[in-house]
1. If amide H atoms are built 1.01 Å from N in the plane of the peptide, which residues on other chains or at least 5 residues away come under 5 Å of the amide H of Ala207?
2. Would you grab the residues whose amide H sits under 5 Å from the one on Glu245? Only those 5+ places off in sequence or on another chain, please, with H modelled 1.01 Å from N.
3. Kindly put Ser517, Ser225, Ser571, Ser290 in sequence by how many other C-beta atoms sit within 10 Å of each C-beta, fewest to most.
4. Run the numbers for Glu228 and Glu426: contour at 0.36 nm per residue of separation, minus the present Cα-Cα distance, in nm.
5. Between Lys574 and Tyr449, what is the label-to-label distance in nm when each label sits 7 Å out along the Cα-to-Cβ direction?
6. Please give the contour-minus-distance gain from Trp438 to Thr259: 0.36 nm per residue of separation, less the Cα-Cα distance, rounded to one decimal in nm.
7. With the Cα gyration tensor of region 343-486 giving a ≥ b ≥ c as the square roots of its eigenvalues, does the rule (a/c under 1.5 for rounded; else a/b larger than b/c for prolate; else oblate) give rounded, prolate or oblate?
8. For Leu512 and Trp496 in one chain, what is 0.36 nm times their gap in residues minus the Cα-Cα distance, to one decimal in nm?
Amino acid sequence: MRSRVDAARGVAQGAGALGTRDRRGLDHARPLRGARVLRAAVAHRSGLPPAAGRRRRWSHLAALPDPARSDRLHGRVVRSGLRGRRVGPGPRRHRLPRPREALRPDRDRPVSATLATGARPDTLDGFYRAVRAIGRFWLWFFFRSVDVRHPERVPLAGPVLLCINHPNNFIDSLLVGGALQRKVHYLATAALFRNALIARFLRACGAIPVYRRQDDPDKMDQNTSTFEACYKAFAEGRLIAIYPEGTTHAEARVQRIKTGAARLALGWEAQHSGELRLIPVGLNFDARKSFRGRVLVSFGSPVPVTLYLDAYRADPQKAVAELTSAIQWGMESEVVHVERIDESQLVRAVQDLYRAELVRELKEERGLAERQIDLVRLSRAIVDSTTYFKTHDPERVERIWQRIQSYRALLAEFHVKDEAVRARLERRRMRQRIRRGWEAIAGFPFFVYGATVNFLPYWVPRWLARHMSRKETDYATWRFMAGMVACPLFWGLETWLVARLAGGAAALVFALSLPLSGVIAYRYWVGAGRLRSRLRFGALSLTREQAARRLIAERQELITELERAKNDYLSATKGSSF
């Protein structure tokens, strides 16, 4: 579908009204499955904040694409220049470029380093290609959509260092590896190499062991060999990926990163100036632990390491610290980053209650489909506005938080979900109700079939994930990996039984139907859950009318309070928009 962006108009003011738009270009999100890579005319300025002492300009908050100017197959279109920004002062100046300046692309530099140097594109070996293909299939099955933003910023050849946030353990590596046409050499904790079989597999995939202090402090000196392996890979024009946070975590933020990425980049550039591309990468999960969730993989503007070389030769520690700050800012600009941990609960609560209202208004006023709306940018909008009011009107923040807690207590008291109350307020049209009813009736046989043949492949990984996960970030990985084993195992047994009973042709048709029927059954089950919730609220309206009215009134007042806060924020921060 082709999509055109109106250059003179932009995002909605107050969840729908149009404001000023950046004319410089358009970012493209492309699907994880095979598609023609779109080349941007030039990478745009990073959306990072100015250094301390300068007045901060608040960014646009929800960049919502017009449905017309991008080869969008499975992802959504997003605009450049309006990325959410981190709140707070920048790093020290001291003759070194600020992170915002460091991430500003060189406009004389070609889009692709491959075109500039004439280097041969990096090729995939047979084993890695097979592993990547298997991983891409399971990513397609596990996630509802995987959108990739700015893959063209990663050149097809030459040394590259990716700095990635780490919210979801093993799945993070599959996502980045599946999004790129090059072999990705990950720096992986040496603890994974203790098992000989796993170590052999990881090395075949190109992984390089790195020794962390929390794993074994006595082996930190062995990281010298890690740096040598990385330099050798760079010399061969390879792509290396590192998780600078040092560990996986479930926080809605980029933790303070380690200095290893900066030391690695500066150590190489000191001997081979201008060759390395250092690119921050952000992974955004709409629902980290859920089956059929949504993911955004965002490649940021390259950080020009050469700007730090003079300072590195004079004072290596200072240059490493400054480059680390620039990488930190670059990574934060690609994710939904909540600066203060104590604000995360409030941000999540406002997002759960209010983001759907913003989506509904934008769908009605601009005629966009839900998948055309950038939910990540809306979440950044909520983060920025929450941070603003936390500083300028903390009493309002506390008042809203108390109202949210009160409303949640009522929902728990009457065993009702917020989605059911919101659905009652929306008052769907009769035609929509008839269509939903027909879909429920017609889809029931498919649900029964899909649920029957996929019950064990779905339930067993879920059970294992619940019992094997030691922390939140392990759950999705355990479920994903268990599913990669359970699904082929149970599907194979079922197909064998069908072949014995009905022959090879029937078994082939049956085997091909298994993945799709599982997805259909899951979607039907989720829809049935929403219907059960709404029926429960309908029963409450009949048996305890005053309680139902109280819930509706509480939600309406809460949304009105959030609307006022949004409008006040837009007025106070000229040029910002939802």
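Throughout, read-outs are computed from the coordinates displayed, never taken from laboratory work. Everything numeric here is computed off the predicted structure, so don't read it as measured data. Note that we place each Cβ from the backbone using ideal geometry, even for glycine, and neighbour counts take in every protein chain shown.
1. Counting only residues 5 or more places away or on other chains, the set is Tyr186.
2. The list, which skips near neighbours in sequence, is Lys258.
3. Details: Ser517 19, Ser225 13, Ser571 10, Ser290 16.
Going from least to most buried by this count: Ser571, Ser225, Ser290, Ser517.
4. Working: separation 198, 0.36 × 198 = 71.28 nm, distance 6.07 nm.
Once the chain is fully extended between Glu228 and Glu426, it gains 65.2 nm.
5. Modelled inter-label distance: 6.2 nm.
6. Details: separation 179, 0.36 × 179 = 64.44 nm, distance 5.78 nm.
Additional length available on full extension: 58.7 nm.
7. Details: a/c = 1.97, a/b = 1.28, b/c = 1.53.
Because a/c hits 1.5 or more and a/b fails to exceed b/c, region 343-486 counts as oblate.
8. Details: separation 16, 0.36 × 16 = 5.76 nm, distance 1.32 nm.
Gain on extension, Leu512 to Trp496, equals 4.4 nm.
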